[in-house]
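Just so you know, all these numbers are worked out from the coordinates, no wet-lab data involved. Predicted model only: the values in this text are computed from it and were never measured. Every residue, glycine among them, receives a Cβ derived from its backbone with ideal geometry; neighbour counts consider all protein chains shown.
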Amino acid sequence: MKRLRSHDEMLQEAVARGPKVVAIAEAQYPEAILAAREAMDMGFARCLLVGKASAIRSAAGEAGVSLDGLEVVDAPDPISSAVKTMELAREGKAHVVMKGQISSDMFLKAALDKERGIRGRDLLSHVGVFDVPTFDRLIMITDGGVNIAPTLEQKKYIVQHGIDVARALGVDPPRVALVAATEKVIPNYAATVEAAALSKMAERGTIKGGFVDGPLGLDNAIQPKAAKIKGIGGEVAGRADVLVASDISAANLMAKAITYFAGGVMAGIIVGAKVPIVLGSRSDPHRTRLVSMALGVLLASM
């Protein structure tokens with residue numbers, strides 16, 4: 001497939017690869033229903049609206065959205081809704097799960113339940129896919145949403161998940177930058193030491209499917225001129241597709257800076273479970289939900 005360079009292209013590709021079934025927990029929320037309606041009308045998703053049926057119908061009426069073709073799955077309370085959503089995915093009746101009007105903690109607790117959830121063999125991690133007006137490509141940032149202070153072993157999975165998401169978007173091979181405050185390896189600066197170790201893991205095939213290099217500063221990871229000035233060569237410097245941060249704070253700050261300072265828009269996904277998990281903010285507009293749903297569909301189609 002061709003490399004996807006924008007959210008609009010992601011939506012077009014999701015239409016080509018869909019439809020997939022998306023189960024939305026606690027879907028009695030106008031923005032979630034709007035996204036479900038548009039995804040169905042575009043043809044890339046068939047949505048199961050899980051939650052209190054009367055509240056879902058009321059929210060649809062409030063939003064002026066028809067529920068024709070959207071299946072309502074009745075669940076009396078948030079816990080039941082989350083459990084039912086995971087059950088649908090575990091039984092193969094849904095290919096993607098999505099958070100609606102429910103807390104992230106409650107939603108993820110149901111996802112990670114050992115008996116009734118969708119826990120996979122790997123670590124779960126969050127990948128944000130950013131459409132930035134000044135860039136000619138999508139930029140991925142990980143992990144800004146799940147793992148607070150990942151260990152070296154956990155970072156191995158985080159890097160691999162970033163590569164897998166990039167490849168689902170036609171980036172072949174992805175270039176992954178392990179970002180730190182400096183491109184120098186400093187013994188008492190753990191982020192730089194771990195970045196060097198992860199680069200070696202990729203070189204020896206423990207991490208597969210992409211070029212991995214680090215530590216790199218943010219400037220010389222994404223800007224060819226900065227990399228050239230500092231004399232940093234290789235496949236990644238200046239051309240990174242995936243930025244891996246040292247911890248959740250660094251990733252979250254990068255993501256918010258792109259959003260609020262550069263006008264970027266994020267589609268977010270959690271990978272590592274049996275199906276992709278869309279875990280946005282309850283304040284997200286339906287466009288953000290829509291593109292995140294499309295990202296889930298692209299991953300589910302791999």
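Would the stretch 1-113 count as rounded, prolate or oblate if I go by the C-alpha gyration tensor, calling it rounded below 1.5 in a/c and otherwise prolate when a/b exceeds b/c, oblate otherwise? Verdict is oblate for the stretch 1-113. Under 17 Å of direct C-alpha separation, and excluding same-chain neighbours fewer than eight residues apart, K200 reaches these lysines: K155, K156, K184, K208. Put a dot 7 Å past the Cα of R3, heading toward its Cβ, do the same for A181, and the two dots end up 3.3 nm apart. Look at where the Cα atoms of the stretch 86-100 and of the stretch 1-70 average out, and the two centres are 14 Å apart.
With loop membership from DSSP and a limit of 16 other Cβ atoms within 10 Å, the longest segment of the chain without GluC sites (Glu not before Pro) is 116-234. Report the FRET efficiency, 1/(1 + (r/R0)^6), for D74 and R121, where r is their Cβ-Cβ distance and R0 is 30 Å, rounded to 0.05. Given R0 = 30 Å and the Cβ-Cβ separation, E is 0.40. The charge dipole of the stretch 140-229, taken about its Cα centre with unit charges on the Cβ atoms of Lys, Arg (+1), Asp and Glu (-1) only, comes to about 180 debye. Over the chain, what relative contact order in percent results from Cα pairs under 8 Å that are six or more residues apart? It rounds to 23 percent for the chain. Rounded to the nearest 10 degrees, what's the angle between the helix 286-300 long axis and the longest principal axis of the chain, both from Cα atoms, 0 to 90? The helix 286-300 is inclined about 70 degrees to the chain.
For the stretch 125-261, the square roots of the Cα gyration tensor eigenvalues, ordered a ≥ b ≥ c, give a/c below 1.5, which places it in the rounded category. Extension gain for the segment D113 to S54, taken as residue separation times 0.36 nm less the Cα-Cα distance, is 18.5 nm to one decimal.
For T134 and L253, what is the calculated FRET efficiency with R₀ set at 22 Å and r taken between the beta-carbons, to the nearest 0.05? E between T134 and L253, to the nearest 0.05, is 0.75. Have a look at G272, G61, G18 and tell me which one the Gaussian network model of the chain (Cα, springs below 10 Å) gives the largest fluctuation. Between G272, G61, G18, it is G61 that shows the largest mean-square fluctuation.
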